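To start, the structure itself, in structure tokens.
The values are calculated or read from the model by the stated rules, or taken from the named source; none is laboratory data. It should be emphasised that the depicted structure is a prediction, and the values quoted were computed from it without experimental measurement. Glycine gets a Cβ as well: all are built from the backbone with ideal geometry, and neighbour counts include every protein chain shown. Ligands, DNA and RNA are excluded from the accessible area calculation, which covers all protein heavy atoms including side chains. Shrake-Rupley method; radii C 1.70, N 1.55, O 1.52, S 1.80 Å.
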There are 2 protein chains.
Amino acid sequence: MSTLDATHDPALTSWVASANAPGGDFPLQNLPFAVFRRAGRGESFRGGVALGDAVLDLGALHALAVLEGSAAQALALCTQPTLNAFMAAGPGASAALRAALSAALRCGSPLEERLRPLLIPQAATEYRVAAQVGDFTDFYASIHHATAVGRLFRPDNPLLPNYKWVPIAYHGRASSIRVSGQDFARPWGQVLPQGATQPQLAAARRLDYELEVGVFIGRGNRLGSCVPLAEAESHVFGLCLLNDWSARDVQAWEYQPLGPFLAKNFATTVSPWVVTLEALAPFRVSWVRPADDPPPLSYLDDAAQRRAGAIDIQLEAWLDTAGMRARGLPAQRLSHSSFRDSWWTVAQMLAHHTVNGCNLEPGDLIGSGTQSGPLPAQAGSLLELTVGGRQPLTLPGGETRTFLEDGDRVMLRGWCERDGYVRIGFGEAAATVLPALPQ
Amino acid sequence: MSTLDATHDPALTSWVASANAPGGDFPLQNLPFAVFRRAGRGESFRGGVALGDAVLDLGALHALAVLEGSAAQALALCTQPTLNAFMAAGPGASAALRAALSAALRCGSPLEERLRPLLIPQAATEYRVAAQVGDFTDFYASIHHATAVGRLFRPDNPLLPNYKWVPIAYHGRASSIRVSGQDFARPWGQVLPQGATQPQLAAARRLDYELEVGVFIGRGNRLGSCVPLAEAESHVFGLCLLNDWSARDVQAWEYQPLGPFLAKNFATTVSPWVVTLEALAPFRVSWVRPADDPPPLSYLDDAAQRRAGAIDIQLEAWLDTAGMRARGLPAQRLSHSSFRDSWWTVAQMLAHHTVNGCNLEPGDLIGSGTQSGPLPAQAGSLLELTVGGRQPLTLPGGETRTFLEDGDRVMLRGWCERDGYVRIGFGEAAATVLPALPQ
């Protein structure tokens, strides 16, 4: 696990004034990475770092040739239109670049004058997914989500016998992962109407969001090798927000016996910004099991995980509808949970994923699964919040929702806060549901 | 669907004598594509076409500049170390190149003298997967397989209610797809021993093969668009053999509720050669449902499918063990089925996969799922052949098997035969199970 160093010092301030505003997502202590370009100019995408309300252009910084050593080597990898090569270079590379950027961007840096022209207002930028994702794996790591969903189907026995032992996951679709801001049409699919004996093809009615943390893989592992728990975090580049949109009516009809397929592969939305594990070091918390639960198998258990395997990332899902936007009503928060309540940690997910020799590649994306908290109001999906669609939510202005309607926009947010440290944020992952296209 | 043309003429013979031997996989009427290089020379991989016992080097052919027009344009795409760009160019490109190669390689071609030096003995070549696979989807399209597997778990109700309506599939792992000849270690995984209340980490004991057809996607479709049934085959580049190795004990413990994960993502083996849909045109057969079954939903049903949606590809799985090889015993055929018995056709799989707007990319790989026939002896996996491991098979030399042991080599074969046409084959997809590595 990353240790605390000078980059985490809460006393640090930047010569980029907006980075020093309290409560912002992108202070000097964060320095998340994305792939970006200025909008509307036909530019190439390249790496960028968020600071306050600006993006530092890493392509231009490389051209300036003001960094040296391993930081300069890492920077050279950030000039490409994906960050796969940078991610592949491992935690040493990102830590070196992060430390050099922290020094260059802090108050008093001799580089201020030369770097100031490299800042581009975020309002003038556009993004793509930070990596070319080879494989996307989605876990099911919140026991609160698994229990709530299981209760809808099996009231007497909500949690399956394997849940507390196996970090359950499935392979998702890589090709339909899109960055925040890319809207998508309501999917069609086979559904079995209640009471019907034959299915029909219909635009999905029970469209849902899922509030998740995404994990970009850094260094990969060879096929046939496993990544031990103690080394797992050295294979992580950083974390983002992830919304695994789900068509619950399609899912209910198709998922037996091989799991979800068309119910989830039409769109997955991620935040543009990827927060490194280094930046998250101050927000590590102990990972604990209830005393009456058996410990996990030894390949998923060690003292480091128990001490600080979890990360306290506050997660939120917000909704605004076309009607609310038309009337100027503010978005409504639907979900609020923390990744610290996850039953499995990031390192446990990776150790499990590779225990059979499965190879992870740089830029692969891992989803945490819907992160719901222990309280009903902390549920991370509409399926849970509305108890399977039976208890509609009332929104500002009086509209109600069981599942998402056309024009609804869901925005995920995430951030870390801890006394004595500067708050860092993940930005947002948002998209709007467009009407289904004609078949 | 591709139509019959001069390239299918059974009277055609090649100036490559080995292509004219009866019963071979690679006559002039086939012309499958692969990515290859000469072994042991540090060469770059590039496209090749199989003919008899040789490979025609498409990189060298491009350099000769003897083809013209669209065939030459398509050939230029075959010089790369993956065929993704060639696949993306669509069926017109592969048909043009196939027709030009057919003309250039037939007896009497004026190009014989110039092309002869471009032939490399297959014995001196090595291969990689024909495309960089972005996403791998595995269907479950054999109703005989689904019924036999279902019977092991639910004797009274083997087939789930959705089976006859939904082309069931799950997303598999792209990173662990390997070409024939690449062996793999027995995977570790969580298993629940019979009668135990707690799982353990163990090397999988119930390791199985799955006899499948693979489909490489040619032209892709945009996210949000669907591919109608009538156009689906224009998005197919060609077919190969595919073995979706499966750890049944891991699968049984992990698969609820999200489907198989570590039980299948440790290795998938494909044949190097991809047979184009054009080459398969003579072997199309009608796709029929039993009279007492409901027709599929209209997006999965049309007259063209009913007339010739299926393909009669004979499929076999052969086993030899370390002991059999040491004693010089021949391999034993375990499975023999035909893809014509698949409940869903290739076009139906693609139309379903995209009906929700999911985007397919050139080079994506689709598996058909285990292809079992209607008779017990036509089962395409050991799970079925041994009735869940309860009825061991006896092999030449007296060894028995329920599931695969270390040193076992499974080889898949496939071919098409029909009166009045020349037999065409798929080559083989083989790999050997190596002992589990120490954890």
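Mean-square fluctuation check for chain A, GNM, Cα pairs under 10 Å: which of A:94, A:298, A:342 is largest?
The residue with the greatest mean-square fluctuation here is A:298.
Within chain A, what is the longest stretch that has no GluC sites (Glu not before Pro) placed in a DSSP loop and near at most 15 other beta-carbon atoms within 10 Å?
The segment A:69-416 is the longest one with no such site.
For segment B:36-133, what is the charge dipole size about the Cα centre, in debye to the nearest 20, if Lys and Arg each add +1 at the Cβ and Asp and Glu each add -1 at the Cβ?
The dipole of segment B:36-133 has a size of about 120 debye.
So what is the relative contact order for chain B, in percent, with contacts set as C-alpha pairs under 8 Å and at least six apart? Mind showing how you got there, number by number?
Numbers: 1079 pairs, mean separation 92.1, N = 439.
Relative contact order of chain B: 21 percent.
Kirkwood hydrodynamic radius, segment A:27-131, all distinct C-alpha pairs: what's the number in Å? It would help to have the intermediate numbers written out before the result.
Numbers: mean 1/r = 0.0737 Å⁻¹.
When all Cα pairs of segment A:27-131 are included, the Kirkwood radius is 13.6 Å.
Dipole magnitude of segment A:358-423 about its Cα centre, charges +1 at Lys/Arg Cβ and -1 at Asp/Glu Cβ only, in debye to the nearest 20?
Dipole of segment A:358-423, to the nearest 20 debye: 220 debye.
Roughly how far apart, in whole Å, are the Cα centres of segment A:91-168 and segment B:1-57?
Comparing the Cα centres of segment A:91-168 and segment B:1-57, I get a distance of 48 Å.
Put one equal scatterer on each alpha carbon of segment A:241-371, apply the Debye formula with no solvent term, and list log10 I(q)/I(0) at q = 0.10, 0.12, 0.21 1/Å to two decimals.
-0.47, -0.67, -1.41
What size of dipole, in debye to the nearest 20, comes out for chain B about its Cα centre when the only charges are +1 on Lys and Arg C-beta atoms and -1 on Asp and Glu C-beta atoms? Please report the intermediate quantities before stating the final value.
Numbers: 35 positive and 41 negative charges, 98 e Å.
Using Cβ point charges on Lys, Arg, Asp and Glu, chain B gives about 480 debye.
What FRET efficiency comes out for the pair residue A:434/residue A:302, r = Cβ-Cβ distance, R0 = 35 Å, nearest 0.05?
So the FRET efficiency works out to roughly 0.15.
I need the Debye-formula profile for the protein assembly as shown: one equal scatterer per C-alpha, no solvent, reported as log10 I(q)/I(0) at q = 0.09, 0.10 1/Å, two decimals.
Calculated log10 I(q)/I(0) at the listed q: -0.93, -1.14.
How large is ³J(HN,Hα) for each residue in segment B:310-325, as worked out from phi by the Karplus curve 6.51 cos²θ - 1.76 cosθ + 1.60 (θ = phi - 60°), to whole Hz, x for Gly and Pro?
3J(HN,Hα) across segment B:310-325, in whole Hz: 8, 10, 8, 10, 6, 10, 9, 10, 10, 10, 10, 9, 4, x, 5, 5.
So which trypsin sites (Lys or Arg not before Pro) in segment B:6-82 are both in a DSSP loop and have at most 10 other Cβ atoms within 10 Å of their Cβ?
B:41
Using a 10 angstrom cutoff on alpha carbons, build the Gaussian network for chain B and name the most mobile of B:376, B:282, B:290.
B:290
Cα-based Rg (one decimal) and Dmax (whole number) for segment B:192-308, in Å?
Using the Cα atoms of segment B:192-308, the pair Rg, Dmax is 19.4, 55 Å.
Please check: in the Gaussian network model of chain B (C-alpha springs, under 10 Å), which one of B:53, B:293, B:301 has the largest mean-square fluctuation.
Top of the fluctuation ranking is B:293.
Restricting to bridges with both residues inside the protein assembly as shown, how much of the DSSP beta-bridge set is antiparallel, in percent to the nearest 5?
Details: 131 of 147 bridges.
Of those bridges, close to 90 percent are antiparallel.
Along segment A:67-76, what does the Karplus equation 6.51 cos²θ - 1.76 cosθ + 1.60 (θ = phi - 60°) give for ³J(HN,Hα), rounded to whole Hz, x for Gly and Pro?
Working through the residues one at a time gives 8, 9, x, 5, 5, 5, 5, 5, 4, 4 Hz.
Within segment A:230-336, report the chymotrypsin sites (Phe, Trp or Tyr not before Pro) that DSSP leaves as loop and that have at most 13 other Cβ atoms within 10 Å.
none
If B:107, B:226, B:416 are ordered by their accessible area, calculated over protein heavy atoms with a 1.4 Å probe, which sequence runs from highest to lowest?
Largest accessible area first, the list is B:107, B:226, B:416.
How much net charge surrounds residue B:249 when only other residues with a Cβ under 11 Å from its Cβ are counted (Lys, Arg +1; Asp, Glu -1)? Intermediate results must be reported in sequence, preceding the final value.
Numbers: positive: B:205, B:206, B:248; negative: B:208, B:254.
Value of the local net charge: +1.
Give the separation of the Cα centroids, segment B:370-415 to segment B:278-299, in Å.
28
Kindly write out, for segment A:286-291 in residue order, the coupling ³J(HN,Hα) from the Karplus curve 6.51 cos²θ - 1.76 cosθ + 1.60 (θ = phi - 60°), rounded to whole Hz, with x marking Gly and Pro.
5, 10, 10, 9, x, 4
Using only the alpha carbon atoms of segment B:342-416, find the Kirkwood hydrodynamic radius as the inverse mean reciprocal pair distance, in angstroms to one decimal.
Numbers: mean 1/r = 0.0643 Å⁻¹.
Hydrodynamic radius (Kirkwood, Cα pairs) of segment B:342-416 is 15.5 Å.
How long are the semi-axes of the equivalent ellipsoid of chain A, defined as square roots of 5 times the Cα gyration tensor eigenvalues? Whole Å, largest first.
On the way: eigenvalues 249, 134, 82 Å².
Value: 35, 26, 20 Å, ordered largest first.
Which far-off residues, 5 or more places away or on another chain, put their amide H under 5 Å from the one on residue A:185, with H placed in the peptide plane?
Amide H neighbours of residue A:185: A:434.
What residues qualify as long-range amide H neighbours of residue A:430, i.e. H under 5 Å apart, gap of 5 or more or another chain, H built at 1.01 Å from N?
Answer set, sorted by chain and number: A:180, A:181, A:412.
If you draw the axis that swings chain B onto chain A, which residue of B has its Cβ closest to it, and how far is that in whole Å?
B:259, 1
Before anything else, pin down the relative contact order of segment B:258-386: Cα pairs under 8 Å, at least 6 apart, normalised by residue count, whole percent.
Details: 134 pairs, mean separation 26.2, N = 129.
The value is 20 percent.
Can you pull out the trypsin sites (Lys or Arg not before Pro) in segment A:299-348 whose DSSP state is coil and whose Cβ has at most 15 other Cβ atoms within 10 Å?
Values: sites: A:306, A:307, A:325, A:327, A:333, A:340; in loops: A:327.
Counting only loop positions with at most 15 other Cβ atoms within 10 Å, the trypsin sites (Lys or Arg not before Pro) in segment A:299-348 are A:327.
Using helices alone, I'd like the mean residue ellipticity at 222 nm for chain A: each DSSP H run of four-plus residues gives -39500 (n - 2.57), total over residue count, nearest 500. Let's see the in-between values first.
Values: 11 runs with 81 residues, N = 439.
The per-residue figure over chain A is -4500 deg cm²/dmol.
Counting only residues 5 or more places away or on other chains, whose amide H sits under 5 Å from the amide H of residue B:13 once H atoms are built in the peptide plane?
B:107
May I ask you to work out the translational diffusion coefficient for segment B:303-385 at 25 °C, viscosity 0.890 mPa s, via Stokes-Einstein with Rh from the Kirkwood sum over Cα pairs, reported in whole µm²/s?
Translational diffusion coefficient: 161 µm²/s.
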